[in-house]
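A quick write-up on the structure given underneath.
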Amino acid sequence: MSAFDRELKAYKKQIRRLLLIRTAASKQFSEDLESDIAAFAEAKNVTSVEEIAAHFGTPEQIARAFFAGTDIEAVRKKLNLRRAVIAVLLASLLLWGAALTALYVEARSDMHGTYVETAAVSQGEAP
């Protein structure tokens, strides 16, 4: 993989990261942008990411352009839903961990119970 390919991959990854949410619209936007970049790079014989950024914009500018055409309330709801799902998953993991810990402690206490040993000594014998 050439240096240009690595830089281009990082450029595209940064754009996808800035889109924040994964919806059908953002996926379509990313696919269209990638095909436009490929067509531009082939037609103009581009050899640097700076040329692509000069034509299409920085990743931040591209993300702003995407969000300018979207409904902010829909984005906000999607992000809130994502946070709720993450919170539920984390709470579930904590409860699962607590249950496993309790089971482990219970199993260990059964194996190391206490016992009393008594010895009978009759009179006249030395212990």
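The values are calculated or read from the model by the stated rules, or taken from the named source; none is laboratory data. Everything numeric in this text was worked out from a predicted model, so none of it was measured. Because the Cβ atoms are built from the backbone with ideal geometry, glycine has one as well, and the counts that use them run over all protein chains shown.
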Practice task
Select from the range 39-64 the residues that are under 31 Å from the mean Cα position of the chain (by Cα) and β-branched (Val, Ile, Thr) and write down the one among them that is nearest to Ala3 (Cα to Cα).
Solution key: Val49
Completion exercise
Checked the range 42-55 for anything closer than 15 Å to Lys9 by Cβ and in contact with an Asp or Glu (Cβ under 8 Å, 6 or more places away or on another chain); matches are Ser48, Val49
Problem - Ala102 more than 21 Å from the chain's Cα centre (by Cα), modelled with pLDDT of 80 or more, outside the structural domain of Leu20 (by TED's automatic domain parsing) and of a type in the set (Gly, Ala, Ser) - result: yes
Problem - Any chance Thr70 is touching a residue at least 24 places away in the same chain (Cβ under 8 Å) and surrounded by 14 or more Cβ atoms within 10 Å (Cβ to Cβ) - result: yes
